[in-house]
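What follows is a short report on a single structure.
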């Protein structure tokens, strides 16, 4: 048995030992962990190489590794570990290649090396035994598109006023839960439209716009739970924001990212906005 086959067997044995029998992790937590893996891939790879092609290549790889390992093992910790390992190996491979004077790194070789070291001979179980991740997977694709749009703007700036990691972590922390909740209702086009619109804003305005979107989506979700009408809930949430923005600005500073440790439901302005919303609903 050659060394490659031995490595594959060892890897498969390691993953199988960590494999769980049931999927006990909440889907919204899986989505949050996925967003974290994507942030890590983008930030670490670009910070090391300043190369958008390497960054996209690594992120595509991490996306596939995340879903494959989680769908096979149901083990969130294992999935995160293997994704972090993949990002590390990806960047080490490129750094070593540069050290030896090879500036034209073959990304296909890099990807194959990472696959061998993370998922190897792994095969998914049959569909009837597999956790259906299509909903989270589709939302994950939207998230990646959104993050790429913002990131390509940031790297064009000479001086960016935030640390990359803090900036993207704040966005995910503020928006990921409410985005998942609305998407899970089957209201998907609305989420895509809102993320596309958010990505179109000037980077310097983004903290305020992220906070405003959080407020609007929370109002939408609250309204939808009461009246079960998507169109009316969209109209109501936008109306409340438009007519009562002064309440928000008077009671809170929304020009910097919200502190995620404080629930929006506990903020004074939000309590007042909910009262306004209830009056509109009657």
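Going by the structure shown, is residue 193 out of contact with any helix residue (DSSP H, G or I) (no Cβ under 9 Å at 6 or more places or on another chain) and either assigned to a helix (DSSP H, G or I) or modelled with pLDDT of 95 or more (or both)?
yes
Is it fair to say residue 153 is out of contact with any strand residue (DSSP E or B) (no Cβ under 8 Å at 6 or more places or on another chain) and surrounded by fewer than 17 Cβ atoms within 10 Å (Cβ to Cβ)?
When the stated conditions are applied, residue 153 passes them.
Report, ordered by the first and then the second residue, all pairs with beta carbons closer than 6 Å, sequence separation of six or more or different chains, a first member in the stretch 245-258 that is exposed (fewer than 13 other Cβ atoms within 10 Å of the Cβ), and a second member that is assigned to a helix (DSSP H, G or I).
255/208; 256/207
Condition check ((1) outside any helix (DSSP H, G or I); (2) buried (at least 18 other Cβ atoms within 10 Å of the Cβ)) across all residues:
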position: 160; (1), (2): yes, no
position: 172; (1), (2): no, yes
position: 183; (1), (2): no, yes
position: 209; (1), (2): no, no
position: 224; (1), (2): no, yes
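Has the stretch 266-275 got any residue that is under 27 Å from the mean Cα position of the chain (by Cα) and in contact (Cβ under 8 Å) with a residue 24 or more places away in the chain?
yes
Against the definition (buried (at least 18 other Cβ atoms within 10 Å of the Cβ), over 21 Å from residue 169 (Cα atoms) and touching a helix residue (DSSP H, G or I) at 6+ places or on another chain (Cβ under 9 Å)), how does residue 15 come out, yes or no?
yes
Just to be sure, is residue 148 more than 30 Å from residue 228 (Cα to Cα) and either touching a strand residue (DSSP E or B) at 6+ places or on another chain (Cβ under 6 Å) or not in a helix (DSSP H, G or I) (or both)?
no
Is there any pair with a first residue in the stretch 174-203 that is free of Cβ contacts under 8 Å to residues at least 12 places away in the same chain and a second that is assigned to a helix (DSSP H, G or I) whose Cβ atoms are under 6 Å apart and which are 6 or more apart or on different chains, and what are they?
Pairs found: 201/209.
Before we move on, is residue 247 in a helix (DSSP H, G or I) and farther than 24 Å from residue 168 by Cβ?
yes
Scan (1) in contact (Cβ under 8 Å) with a residue 60 or more places away in the chain; (2) loosely packed, with under 14 Cβ neighbours inside 10 Å; (3) within 13 Å of residue 118 (Cα to Cα) for the single condition residue 10 breaks and write down its number.
Just one mismatch for residue 10, condition (1).
The values are calculated or read from the model by the stated rules, or taken from the named source; none is laboratory data. What you see is a predicted model, and the numbers here were worked out from it, not measured in a lab. We place every Cβ from the backbone using ideal geometry, glycine too, and count neighbours over all the protein chains shown.
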